[in-house]
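Bear in mind that the values in this text are calculations on the coordinates, not laboratory data. Keep in mind it's a predicted model, so treat the numbers as computed, not measured. Don't worry about glycine lacking a Cβ; one is built from the backbone with ideal geometry, like all the others, and counts go over all protein chains shown.
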Amino acid sequence: MTDLGEVAAVGVAEATAGGAVPVEPLRIGIVGGGFMARVHAAAARSAGARVVALASSSASRAAEAATLLGIDTAHDSVDDLVRDPRVDVVHVCSPNATHAPVALAALDAGKHVVCEKPLATSAADARALVDAARERGLVGAVPFVYRYHPLVREARHRIARGGVGRVLSIRGTYLQDWLLGSDDVDWRVDAAAGGPSRAFADIGSHLVDLLEFVVGDRLARLTSTTSRVHDSRGGTAVDTEDEAAVLFETSRGAIGTLFVSQVAPGRKNRLLLDVSGTAESLEFSQEEPETLWVGRRTGSRLVARDAAVLSPDAARLSTVPAGHPMGYVDAFAGFVRDAHAAVRGPAPEGLPTFADGLRAAQVTEAVLASAESRAWVDLP
Ligand code: SOE
């Protein structure tokens, strides 16, 4: 998907006397100044990139965030940032409703884009971004970062290799509690900024992506119900869901459930995927990413992350030796490393792209449509 001619111009410096061709660091511009901007900046630096510029909702907010993150240039507007000739890749970390216009502006300016999920607040907008990136030969990546836990790759490998047998059933849950109280507010609860779906778009999108990635199968149809626990938050009316329960069938005939909540006391970021096949079950929990439970009728066991015994892709992402715990920050760094590698050459297998962002947007729309109609909805 990468335009290598253009990329070569971006990344390759003059040959040295010894014949080695040093590659110049990619230069990153970040749109947004909150939590995710901080995570992206750290991941980009750990991938060897230089974070050269930032833009946010206002010039003063950009200046403040740039200082905090040690970024030299704070642009007054997103337009200035995407037109900055020093920027090779734009990371979009602003509120959901801005993703599509900002990502499109960056692509139009010839920049590669890493855009936070949900890629867009409608499947139509997400599709337009897929088309725009493809037509311009630019990389479009979406941080479905839970794919980057080594033991997620191990689970995927075991299923693909047939060790689990025929997949019979899948249970996915993603629980948080940071929106439990009626005074808990955030731009995500406001449909105008976050989009028509909140809990499902924000965290259900991760869950669907992880499930389809690990199992190598697709949801074919689903029915759902959603609930809103607080009709108003901090005195303002709210029209997005706090919980979603989904029943589904896959293309290959497995059945399963998804449950997503941002109001589950004590659950901080509990993404759990549980797959049962005819031979084995597998369970991965994002909060304990250093082990994978392998269930058997006799002899169930916990597999620990140890590159020496893992499949090649799991070993590749295992960047520190066994016994040195890896987690969310490492998974994010692994994702950004692969996204930036795609700018320089072929996209590493497993990189979540705009097509995966579109897929999550389609499932999110189906969840809302089914909750409204109370009927089963077929997925594309
Ligand atoms: C908040 O719900 C949030 O930060 C999500 O927006 C992220 O995508 C998820 O990884 C963790 O929780």
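Max-minus-min Cα coordinates of the chain on each principal axis give 61, 56, 37 Å, with the largest extent listed first. Placing dummy labels 7 Å off each Cα toward the beta-carbon, the span from ALA237 to TRP178 is 2.7 nm. When the Cα gyration tensor is reduced to axis lengths a ≥ b ≥ c, the ratio a/c is 1.5 or higher for the stretch 4-145, and with a/b not above b/c it is classed as oblate.
If R0 equals 45 Å, the separation of the Cβ atoms of SER227 and ARG297 corresponds to a calculated FRET efficiency of about 0.75. Spin-label model, VAL320 to ILE255: label points 7 Å out along the Cα-to-beta-carbon direction sit 4.4 nm apart.
Counting only DSSP beta bridges with both residues in the stretch 4-145, the antiparallel share comes to about 5 percent. Over all other residues within a Cβ to Cβ distance under 9 Å of ASP202, the charged ones net out to +3, with Lys and Arg as +1 and Asp and Glu as -1.
Note on the stretch 295-380: dipole from Cβ charges, positive end direction compared against HIS324, PRO346, THR364; the farthest Cα belongs to HIS324. Label sites at THR67 and ALA375, each approximated as a point 7 angstrom past Cα along Cα to Cβ, lie 5.7 nm apart. Remark: the stretch 313-328, residue by residue, has Karplus-estimated 3J(HN,Hα) of 5, 5, 5, 4, 7, 8, 8, 10, x, 3, x, 10, x, 9, x, 3 Hz, where x stands for each Gly or Pro and the curve is 6.51 cos²θ - 1.76 cosθ + 1.60 at θ = phi - 60°. Quick check: Cα centre of the stretch 95-168 to Cα centre of the stretch 24-78, how many Å? Measuring centre to centre over Cα atoms gives 21 Å. Couplings 3J(HN,Hα) for the stretch 279-286, derived from phi with the Karplus relation 6.51 cos²θ - 1.76 cosθ + 1.60 (θ = phi - 60°), are 10, 9, 10, 10, 9, 10, 10, 4 Hz, where x marks Gly and Pro.
When the square roots of the Cα gyration tensor eigenvalues are ordered a ≥ b ≥ c, the ratio a/c for the stretch 214-335 is 1.5 or more and a/b does not exceed b/c, which makes its shape oblate.
Beta bridges from DSSP with both residues in the chain: antiparallel share about 65 percent, rounded to the nearest 5.
Couplings for the stretch 185-191, taken from phi via the Karplus curve 6.51 cos²θ - 1.76 cosθ + 1.60 with θ = phi - 60°, read 10, 5, 4, 5, 7, 9, 4 Hz in order; Gly and Pro are left as x. Between SER56 and GLY32, ALA62, the built amide H atoms are under 5 Å apart, and every one of these is 5 or more places off in sequence or on another chain.
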